[in-house]
Every structure is written in C-alpha cells, then in structure tokens.
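A.B. asks: Structure provided below as structure tokens; questions to follow.
The values are calculated or read from the model by the stated rules, or taken from the named source; none is laboratory data. Not measured: the values here are computed from a predicted model. Note that each Cβ is placed from the backbone with ideal geometry, even for glycine, and that neighbours are counted across all protein chains shown.
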C-alpha cells in the first residue's frame with residue numbers, strides 16, 4: 001500500500017539512465033559546437049598571418065600573390081606542425097578519424113585530454129598555411145576528445161564513454177557543415193558502426209545543440225550555395241551509373257595513393273618531425289602554379305558545382321589534389337581527408353559532366369550537377385559510407401532535386417570501392433597498425449604480439465633414429481605431448497605425438513624395429529618469429545594441436561623455438577596487464 005506522502009509528486013526527482021545521457025549529450029553538444037567555432041576562428045587567424053587578406057574569395061587572393069608568398073607559408077607551417085605533433089601528441093598526426101575509431105573500439109572511448117588543444121592548434125596551422133587537408137577530420141577528433149574528457153571527468157562507464165565520443169563527433173560534423181542529420185549519420189555509420197536506439201537519442205541531441213551554437217556564431221547558411229539542379233531526363237540515369245563507377249575507382253585510388261605516400265615518407269632516413277617541412281616545400285612548389293589545392297579548397301569546389309571551370313582544369317585538379325593531400329598527410333601534416341574527398345569528387349564529376357553535356361546536350365544537365373553528385377560519390381567510395389555521402393550532400397547544399405542520381409551514384413561507388421579495396425580510407429590506417437576494429441579487443445591484442453615475444457627457445461627435439469621404447473619413455477617424462485623430429489643435420493623432418501604410436505605399442509616384435517622417423521608426420525605446420533600470435537593461434541586451432549615448431553625466416557626446416565597454447569595465453573594476459581597500467585598512467589596525465 002502506498003504511504004500517505006508517497007505520491008508521484010512527493011517522491012524525490014530521479015533521472016533514469018536515458019535522461020542522464022541526454023543531459024550529458026546536451027553539454028557535449030554545446031562544448032563540441034563551441035570547439036568547432038573556435039577551430040574555424042583559429043584557421044582564419046593563422047590564414048591571415050600566413051597569406052594576409054584581400055577582396056573576393058581566398059582563392060582570388062592567392063591567385064594575385066607573388067610566387068614567394070605561396071612558397072614560404074607551407075614550409076613554415078610544416079616546421080611548426082611536425083615538432084609539436086612529435087613531442088606533445090602523436091595521435092594528432094594525420095586525419096584524426098581512425099584514432100577516434102580505435103579509441104571507441106579498443107579503449108572504451110578514452111582519448112587523452114591534451115588532444116583537444118594540440119589537434120586544434122596543429123590542424124589550424126596546417127590548413128591555414130596551405131596544407132591540402134580538410135577541417136572536418138580535426139573537428140571530429142576535437143569533438144570526440146571533448147566528449148571523452150567530459151566522460152573521464154564524470155567517471156562514466158565504458159559504454160557511456162563511447163556514446164559521448166560519438167556525441168562529440170556528431171557535434172563536430174554538424175557544427176562545421178551546418179548539417180545536424182549528417183552529423184548523426186557520420187557518428188553512427190563511421191565512428192560507432194551501430195544504429196542502436198540507446199546511442200541514437202543522445203547523438204541526435206548533441207548534434208542539434210552543436211548546430212544551434214554554430215548557427216548563432218556562423219549563420220544559418222548551407223556549406224555550398226548551388227544552382228537548382230535536377231534530373232533533366234531519364235536518359236541521364238545510365239550516365240550517373242557510369243559516374244558512380246568512375247567515382248568508385250577514384251575513391252579507391254585516392255586511398256591507395258594516400259598510404260603509398262606515407263610509406264615513401266616513412267622510408268626517408270631523417271627525423272619524423274622534419275618531414276612535415278619537406279611536405280610543406282612540395283606543397284609550396286605546387287601552389288605557386290595551382291593554388292586551388294591549398295587548404296580545404298571550398299572556393300574551387302564552388303566554382304566546379306556552378307559549372308565555372310574548364311574541362312582541362314577540372315581534370316588536372318583530380319590528380320593534383322590527390323597528390324597534394326597525399327604529400328601533406330604522408331609527410332606528417334595534420335588535417336582531414338573529408339574535404340579533399342569532396343574536392344576530388346567535385347572535379348571528377350565536373351570533368352565527367354563536361355563530356356556528358358558535350359555529347360548529349362539536349363538530355364543532360366550542365367557539368368555543375370555532375371560535380372555535385374561526384375562529391376557525394378567519391379566521399380562514399382573513400383569512406384565506404386554511402387548513407388553519410390547521401391545525407392551530407394543533401395544538407396550541405398539544401399537541394400533535394402538531385403537526390404535520386406546522388407543516391408544511385410553513392411551506392412554504386414561505395415559498393416565498387418569496397419570490392420576493389422576491403423578497407424576504407426579510415427580503417428586501412430588501423431589495419432596497417434594491426435588493428436581490426438571489427439575483430440574486437442582480444443584479436444587486436446594478439447595481433448600486436450609476435451611469436452618471438454612468447455615462444456620458448458629451449459626446444460626438445462627427437463632424432464629420427466630414436467627407437468620406439470625410448471620414444472615412449474621420452475614422451476612420458478616430457479612436459480609436451482608432441483615433439484619435433486629432426487634428421488642428422490638437426491633440421492626438421494616431421495612431428496610425432498603419442499596419438500601417432502599408441503596403436504603399435506602392443507604389437508609384438510615391433511618395438512625394436514620401429515624408430516621415430518617411421519611414425520613421424522611430415523608436412524609440419526610451423527610458424528616464424530615474425531608472425532603475430534593471432535595467426536599462430538589460428539594455426540594451432542586448425543589442427544587442434546598444443547604447440548608449433550618455430551622456424552627461421554629464411555629456412556623453414558631450421559628450428560629456433562617452440563610455441564604452445566600456454567605460451568600464447570601467458571603473453572596475452574601480460575599484454576592486458578601492461579596496457580591497463582599504461583592507460584591508468586595516461587588518465588592521470
């Protein structure tokens with residue numbers, strides 16, 4: 001029975017878990033929105049220091065500058081970015097989104113507090129000095145770091161922390177593009193990789209609050225103002241299908257070039273913090289002749305989607321932007337690949353549209369419409385996120401009339417790019433580190449450890465000519481259930497287990513005739529010292545055996561160690577303890 005004073009109105013007001021998350025999402029959204037506004041201001045401030053200002057667009061101003069004013073700023077920018085990233089926060093290097101994805105998948109959303117400041121500073125300098133990168137990746141990392149820091153201060157659970165990181169990512173995208181729906185879709189499709197209702201509501205709230213802040217300070221305008229393009233004729237559908245196919249190849253090619261450039265710069269035998277200056281020098285030389293590739297490139301995108309660019313310039317900018325972005329990020333610059341993907345897509349679509357309109361002028365739109373669709377298609381191809389590509393282009397332009405060809409091209413481009421390359425421009429960076437966010441924490445820990453870290457070097461082997469009675473005694477006295485069999489030169493020739501000879505133990509007259517080499521199983525499964533423990537465990541599980549011989553890299557018969565299930569488990573447990581201690585130390589910084 002309810003007591004006299006126990007009424008709904010008299011009970012203490014208590015927030016349930018969903019309400020608590022909504023309150024925290026509001027706070028993260030507001031902070032993320034202000035983070036985006038401050039970051040945009042920083043870019044403008046440094047840009048004015050590096051290049052000054054003038055009438056018209058920033059691109060018009062660059063075109064009027066003398067050559068040395070376009071050569072020097074990227075070098076100075078690289079000289080600032082490289083050392084700051086190297087000595088203060090190395091996760092601020094590059095485009096930022098993969099680092100957020102890794103934090104969500106493997107560290108419960110934990111991101112160091114210093115990332116907020118360092119990422120904002122170095123990315124603003126890199127973009128403002130002419131680095132060919134975007135501001136969206138840094139804003140995502142900044143917003144995600146704000147969400148993570150907020151969660152760390154309140155000591156929330158790992159699940160809540162991941163949701164808050166997603167809220168920060170959504171806030172960053174929403175604020176920079178004035179696109180709240182796109183912010184939600186980016187966070188859920190790219191960052192979290194899930195569409196659960198428990199995470200959806202807080203992320204929506206955070207995205208809305210960030211958009212409110214952005215509109216209050218930056219105005220309520222779409223990112224790009226474009227003409228009212230529409231589907232002119234049903235005959236255009238096959239052309240947009242072809243554009244989707246072309247965009248799929250371009251997006252996959254962009255991903256490949258980006259990481260090839262990283263490999264090239266990694267191979268240069270000089271300190272990493274100096275390499276960003278070399279990248280700045282290359283950018284400066286390119287910018288002397290084609291300043292369109294400097295910075296985020298929105299002015300050039302505007303020209304393309306309005307149809308105000310010549311075919312030759314459109315075509316050349318596809319390759320120049322891929323080259324410029326690859327050099328900037330590969331050399332150690334800090335900035336996103338989101339805007340470069342839009343830029344490359346706009347030029348790809350524009351060049352394709354020029355050809356289409358020239359061949360079929362009566363049934364096709366002008367090149368600007370194809371530029372618009374190409375932006376979404378190449379973005380979808382590079383990120384493997386077709387929903388995000390569709391939504392963000394719709395919100396960035398505020399135009400619904402081009403949505404049908406946009407949907408078609410984005411889906412085709414994403415599917416084709418996924419067939420060409422399994423990993424997206426974001427996840428490939430993690431795979432190259434041995435991190436597969438789809439595999440889970442356990443597999444990634446094993447992939448970060450190698451056979452040399454866990455194997456036993458004291459190997460007990462059996463000679464081929466060992467008689468059966470001695471083999472039985474050897475097996476019973478040993479701590480392993482199987483033994484590598486070696487020839488007279490000490491090279492691996494097979495493996496023998498108790499299961500292999502137990503059936504002949506009771507055969508009379510055979511004990512003095514059979515030797516180890518007669519019953520050994522050839523074709524031994526082996527591992528090398530350089531293989532990771534995940535691969536080794538798969539080999540063990542394939543035959544359901546207890547241990548594997550470890551052989552030399554250049555000689556598959558020379559035994560250098562033995563690896564057992566117990567060794568793998570011990571190495572795994574030790575790695576977990578070490579990582580927990582390291583994360584605890586990082587959290588106290």
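A.B. asks: Filter segment 144-160 down to the residues that are within 15 Å of residue 102 (Cα to Cα) and surrounded by fewer than 24 Cβ atoms within 10 Å (Cβ to Cβ), then identify the one that is modelled with the lowest pLDDT.
C.D. replies: Among those that are within 15 Å of residue 102 (Cα to Cα) and surrounded by fewer than 24 Cβ atoms within 10 Å (Cβ to Cβ), it is 158.
A.B. asks: Checking residue 188 against (1) at pLDDT below 85; (2) buried (at least 24 other Cβ atoms within 10 Å of the Cβ); (3) closer than 16 Å to residue 98 by Cα, only one condition comes out false. Which one?
C.D. replies: (2)
A.B. asks: Shifting gears a bit: Going through 479, 447 one at a time, which residue ends up being at pLDDT below 70 and closer than 21 Å to residue 520 by Cβ? Walk me through how you get there before you give the answer.
C.D. replies: Working: 447 fails: closer than 21 Å to residue 520 by Cβ.
Exactly one residue qualifies, and that residue is 479.
A.B. asks: Looking at residue 338, is it surrounded by 24 or more Cβ atoms within 10 Å (Cβ to Cβ), touching a strand residue (DSSP E or B) at 6+ places or on another chain (Cβ under 9 Å), in contact (Cβ under 8 Å) with a residue 60 or more places away in the chain and closer than 21 Å to residue 136 by Cβ? Working first, answer last.
C.D. replies: Numbers: surrounded by 24 or more Cβ atoms within 10 Å (Cβ to Cβ): yes; touching a strand residue (DSSP E or B) at 6+ places or on another chain (Cβ under 9 Å): yes; in contact (Cβ under 8 Å) with a residue 60 or more places away in the chain: yes; closer than 21 Å to residue 136 by Cβ: yes.
Considered against the rule, which asks whether it is surrounded by 24 or more Cβ atoms within 10 Å (Cβ to Cβ), touching a strand residue (DSSP E or B) at 6+ places or on another chain (Cβ under 9 Å), in contact (Cβ under 8 Å) with a residue 60 or more places away in the chain and closer than 21 Å to residue 136 by Cβ, residue 338 comes out as yes.
A.B. asks: Which one of the conditions (1) in contact with a helix residue (DSSP H, G or I) (Cβ under 8 Å, 6 or more places away or on another chain); (2) surrounded by fewer than 16 Cβ atoms within 10 Å (Cβ to Cβ); (3) in a helix (DSSP H, G or I) does residue 238 fail to meet, given that it meets all the rest?
C.D. replies: (1)
A.B. asks: With the structure loaded, tell me whether residue 31 is modelled with pLDDT of 90 or more and surrounded by fewer than 20 Cβ atoms within 10 Å (Cβ to Cβ) or whether it fails that test.
C.D. replies: Working: modelled with pLDDT of 90 or more: yes; surrounded by fewer than 20 Cβ atoms within 10 Å (Cβ to Cβ): no.
Spelling it out, it is not the case that residue 31 is modelled with pLDDT of 90 or more and surrounded by fewer than 20 Cβ atoms within 10 Å (Cβ to Cβ).
A.B. asks: Quick one: count up the residues across segment 280-306 that are within 21 Å of residue 226 (Cβ to Cβ) and in a loop (DSSP other than H, G, I, E, B).
C.D. replies: To start, the set of residues in segment 280-306 that are within 21 Å of residue 226 (Cβ to Cβ) comprises 292, 295-306.
Now restrict to residues that are in a loop (DSSP other than H, G, I, E, B): 295-297, 306.
The total comes to 4.
A.B. asks: Here are some residues: 346, 382, 351. Which one is within 24 Å of residue 39 (Cβ to Cβ), over 22 Å from the mean Cα position of the chain (by Cα), buried (at least 23 other Cβ atoms within 10 Å of the Cβ) and not assigned by TED's automatic domain parsing to the domain that holds residue 128?
C.D. replies: Working: 382 fails: over 22 Å from the mean Cα position of the chain (by Cα); 351 fails: within 24 Å of residue 39 (Cβ to Cβ).
Unique residue meeting the criteria: 346.
A.B. asks: Restricting to segment 335-347, count the residues that are assigned to a helix (DSSP H, G or I) and closer than 17 Å to residue 43 by Cα. Steps first, please.
C.D. replies: Restricting attention to segment 335-347, the residues satisfying the condition of being assigned to a helix (DSSP H, G or I) are 338-347.
From the residues that got through so far, the ones that are closer than 17 Å to residue 43 by Cα too are 338-340.
Here the count works out to 3.
A.B. asks: In segment 147-171, how many are more than 19 Å from residue 189 (Cβ to Cβ) and under 19 Å from the mean Cα position of the chain (by Cα)?
C.D. replies: Number of matching residues: 1.
Okay, residues lined up against (1) within 30 Å of residue 34 (Cβ to Cβ); (2) part of a helix (DSSP H, G or I); (3) not assigned by TED's automatic domain parsing to the domain that holds residue 409:
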position: 223; (1), (2), (3): yes, no, yes
position: 230; (1), (2), (3): no, no, yes
position: 245; (1), (2), (3): no, yes, no
position: 249; (1), (2), (3): no, yes, no
position: 252; (1), (2), (3): no, yes, no
position: 257; (1), (2), (3): no, yes, no
position: 265; (1), (2), (3): no, yes, no
position: 278; (1), (2), (3): no, yes, no
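A.B. asks: Sticking with this structure for a sec: Give the residues of segment 85-116 that are crowded, with 19+ Cβ neighbours inside 10 Å and without any contact (Cβ under 8 Å) to a residue 60 or more places away in the chain, sorted by residue number.
C.D. replies: 89, 91, 99, 108, 109, 111, 115 - these are the residues of segment 85-116 that are crowded, with 19+ Cβ neighbours inside 10 Å and without any contact (Cβ under 8 Å) to a residue 60 or more places away in the chain.
A.B. asks: Test residue 66 against the criterion of being exposed (fewer than 14 other Cβ atoms within 10 Å of the Cβ), over 23 Å from residue 81 (Cα atoms), more than 26 Å from the chain's Cα centre (by Cα) and modelled with pLDDT of 90 or more, and give yes or no. Write out each step before concluding.
C.D. replies: Numbers: exposed (fewer than 14 other Cβ atoms within 10 Å of the Cβ): yes; over 23 Å from residue 81 (Cα atoms): yes; more than 26 Å from the chain's Cα centre (by Cα): yes; modelled with pLDDT of 90 or more: yes.
It is true that residue 66 is exposed (fewer than 14 other Cβ atoms within 10 Å of the Cβ), over 23 Å from residue 81 (Cα atoms), more than 26 Å from the chain's Cα centre (by Cα) and modelled with pLDDT of 90 or more.
A.B. asks: Looking at 560, 551, 527, can you tell me which residue is in contact with a helix residue (DSSP H, G or I) (Cβ under 7 Å, 6 or more places away or on another chain), buried (at least 17 other Cβ atoms within 10 Å of the Cβ) and modelled with pLDDT of 75 or more? Don't jump to the end; show me each part of the working.
C.D. replies: Working: 560 fails: in contact with a helix residue (DSSP H, G or I) (Cβ under 7 Å, 6 or more places away or on another chain); 551 fails: in contact with a helix residue (DSSP H, G or I) (Cβ under 7 Å, 6 or more places away or on another chain).
It is 527.
Quick grid of which residues meet (1) under 27 Å from residue 31 (Cβ atoms); (2) at pLDDT 90 or above; (3) out of contact with any strand residue (DSSP E or B) (no Cβ under 8 Å at 6 or more places or on another chain):
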{"residue": "194", "(1), (2), (3)": "yes, no, yes"}
{"residue": "205", "(1), (2), (3)": "yes, yes, yes"}
{"residue": "210", "(1), (2), (3)": "yes, yes, yes"}
{"residue": "218", "(1), (2), (3)": "yes, no, yes"}
{"residue": "225", "(1), (2), (3)": "no, no, yes"}
{"residue": "231", "(1), (2), (3)": "no, no, yes"}
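A.B. asks: In segment 500-517, which residues are surrounded by fewer than 16 Cβ atoms within 10 Å (Cβ to Cβ), modelled with pLDDT of 65 or more and outside any loop (DSSP other than H, G, I, E, B)?
C.D. replies: none
A.B. asks: Quick check, is residue 332 under 30 Å from residue 271 (Cα atoms) and either assigned by TED's automatic domain parsing to the domain that holds residue 92 or not in a helix (DSSP H, G or I) (or both)?
C.D. replies: On the way: under 30 Å from residue 271 (Cα atoms): yes; either assigned by TED's automatic domain parsing to the domain that holds residue 92 or not in a helix (DSSP H, G or I) (or both): yes.
It is true that residue 332 is under 30 Å from residue 271 (Cα atoms) and either assigned by TED's automatic domain parsing to the domain that holds residue 92 or not in a helix (DSSP H, G or I) (or both).
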